[in-house]
1. In a shell of Cβ-Cβ distance under 15 Å around ALA45, excluding ALA45 itself, what net charge do Lys and Arg (+1) and Asp and Glu (-1) give?
2. Helix-only mean residue ellipticity at 222 nm, the chain, DSSP H runs n ≥ 4 weighted -39,500 (n - 2.57), per residue, nearest 500. What is it?
3. Compute the label zone of LYS23 within segment 302-338: residues whose backbone N is under 16 Å from the point 7 Å along Cα-to-Cβ.
4. Hydropathy first: keep DSSP H helices in the chain averaging at least 0.0 on Kyte-Doolittle, then drop any whose Cα extent along the axis falls short of 15 Å, and list what survives.
5. Please state the charge dipole magnitude for segment 232-369, taken about the Cα centre, from unit charges on C-beta atoms (+1 on K and R, -1 on D and E), reported in debye and rounded to the nearest 20.
6. Please sort 70-82, 330-342 by packing, taking for each peptide the average over its residues of neighbouring beta carbons within 10 angstrom, highest first.
7. Per 0.36 nm of contour for each residue apart, how much would the distance between ASN216 and ASN81 grow if the chain were fully extended, relative to their Cα-Cα spacing?
8. Determine the dipole magnitude for the chain: charges of +1 sit on the beta-carbon of Lys and Arg, -1 on that of Asp and Glu, nothing else is charged, the reference point is the Cα centre, and the result goes in debye to the nearest 20.
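The values are calculated or read from the model by the stated rules, or taken from the named source; none is laboratory data. All figures in this text were calculated on a predicted structure; none of them were measured in a lab. Here the Cβ positions follow ideal geometry from the backbone for every residue, glycine too, while neighbour counts run over all protein chains shown. Side chains included, ligands, DNA and RNA excluded: accessible areas come from the protein's heavy atoms. Shrake-Rupley method; radii C 1.70, N 1.55, O 1.52, S 1.80 Å.
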Amino acid sequence: MRTQVVIVGGGPSGLLLGQLLHKAGVETVVLERQSREYVLGRIRAGVLERGLVDLMGQAGVDARMKAEGFVHDGTLIAYDNDMFRVDFAAHTDATVLVYGQTEVTRDLYDARDSTGGDTHFEVEEVSIQDADTDAPFVTYSQHGQTHRIDCDFVAGCDGFHGVSRKTIPEDVRREYEKVYPFGWLGILSETPPVNDELIYANSDRGFALCSMRNANLSRYYIQCETSDDPANWTDEAFWDELRRRIPPQAAEALVTGPSIEKSIAPLRSFVCEPMRWGRLFLCGDAAHIVPPTGAKGLNTAASDVHYLNQGLRQYYGEGDSAGIDQYSIRALARVWKTQRFSWWFSTLMHHFPGQTEFDKKMQLAELALLRDNNEAQAAMALNYVGLPY
Ligand code: APR
Ligand code: PHB
């Protein structure tokens with residue numbers, strides 16, 4: 001079998017790229033290791049930058065997102081039992097859209113189905129071959145049979161644990177990593193959100209975040225030990241701890257109920273350079289991971305997809321390879337800025353084991369600067385709504 005672009009991984013990066021290329025008349029095959037139900041069962045952050053919202057529009061997949069998403073033009077930062085607001089609209093001409101990543105992925109699968117896109121689920125032993133030649137191909141097995149797809153290019157959209165990144169030889173690949181000494185315990189509950197905007201809280205007991213999916217679905221997180229287990233936390237214990245970490249007015253307004261999901265996520269910053277090797281291009285979590293503070297994971301994946309889509313369109317439309325040749329440099333320039341923001345926001349908001357009184361004072365001084373200073377707020381707003389592509 002032959003296609004133009006093999007997309008390894010049917011998460012949001014792979015699917016969005018597939019739909020954008022379909023609009024340009026470029027044929028793709030998506031190979032996904034899991035079942036569709038499994039992919040759609042994953043719960044991830046739900047704050048979309050304008051760039052991603054625009055890409056969903058370009059892909060023709062934005063109808064439900066526009067109807068059901070919530071526009072947020074500010075966010076709340078809490079510390080010292082008080083809260084202040086960072087107003088995005090006052091500092092930028094952009095807002096963000098609160099719409100779950102799971103819903104983004106569902107809309108992309110529906111669109112792929114309706115446009116007849118070729119998608120293979122539950123594939124095993126995916127192997128990317130000859131990516132450093134003009135004739136790459138991908139082999140995989142499914143239901144005990146081995147298959148081969150010849151192609152022009154391979155898009156490695158298979159997340160952090162995928163095979164694509166590891167296909168780049170070790171002497172070419174350079175990896176940068178920072179692991180944070182804590183995790184996030186998150187719950188989803190069918191209760192109204194405590195506030196109509198997100199609340200990020202720095203407290204002596206550790207970080208907390210009040211987020212949401214819709215008017216009757218809330219997402220809350222508390223900083224926890226990396227070694228902790230969700231089974232150690234009853235719903236009551238979670239709500240009690242959350243109340244202690246957010247300002248009193250929010251704690252009083254909190255509506256609690258049974259959790260419908262409870263899990264722990266580690267916090268990590270990670271970047272792989274380069275993001276291209278021959279005819280293989282890495283996109284999204286395959287190339288980089290951010291700690292979730294600021295919700296940049298999906299949004300950074302989207303900017304990669306944008307640069308790769310542009311490069312491939314230029315190649316197929318005009319026979320010009322300048323865009324794909326520049327892909328890694330252009331994508332990484334934005335990736336590193338987003339890494340910086342996610343690291344800064346994480347460092348500002350969490351309690352670090354072994355943190356000294358001086359370290360704590362530094363966090364408080366920086367929070368006070370953010371509360372009181374227009375330029376500091378403008379820098380935060382610019383990054384939160386998303387740097388331009
Ligand atoms: N072969 C085929 N598919 C694979 C393989 C493989 N060897 N390894 C992994 N996959 C699939 C995974 O099952 C998953 O569905 O690739 C997909 C990658 O999806 P994500 O991990 O969601 O990564 P990505 O699409 O880049 O999405 C960006 O934004 O909010 C963040 O981390 C969050 O998932 C999110 C990401
Ligand atoms: C979420 O709703 O899951 C979420 C929102 C904002 C973040 C991280 C996660 O910064």
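1. On the way: positive: ARG42, ARG44, ARG213, ARG219, ARG268, LYS296; negative: GLU49, GLU103, GLU261, ASP285.
Net local charge, ALA45 excluded: +2.
2. Numbers: 13 runs with 149 residues, N = 389.
Rounded to the nearest 500, it is -11500 deg cm²/dmol.
3. 302-314, 317
4. Details: long enough: 12-23 (17 Å, 0.43); 101-114 (20 Å, -1.44); 235-245 (16 Å, -1.82); 297-318 (31 Å, -0.73); 322-349 (41 Å, -0.09); 357-372 (22 Å, -0.39); 374-385 (16 Å, 0.15).
Qualifying helices, which must be both long enough and hydrophobic enough, are 12-23, 374-385.
5. On the way: 15 positive and 15 negative charges, 66 e Å.
The dipole magnitude comes to about 320 debye.
6. On the way: 70-82: 17.5, 330-342: 19.4.
Ranked by mean Cβ neighbours within 10 Å, highest first: 330-342, 70-82.
7. Values: separation 135, 0.36 × 135 = 48.60 nm, distance 2.61 nm.
So the extension gain works out to 46.0 nm.
8. Numbers: 37 positive and 54 negative charges, 59 e Å.
Taking the Cα centre of the chain as origin, the dipole is about 280 debye.
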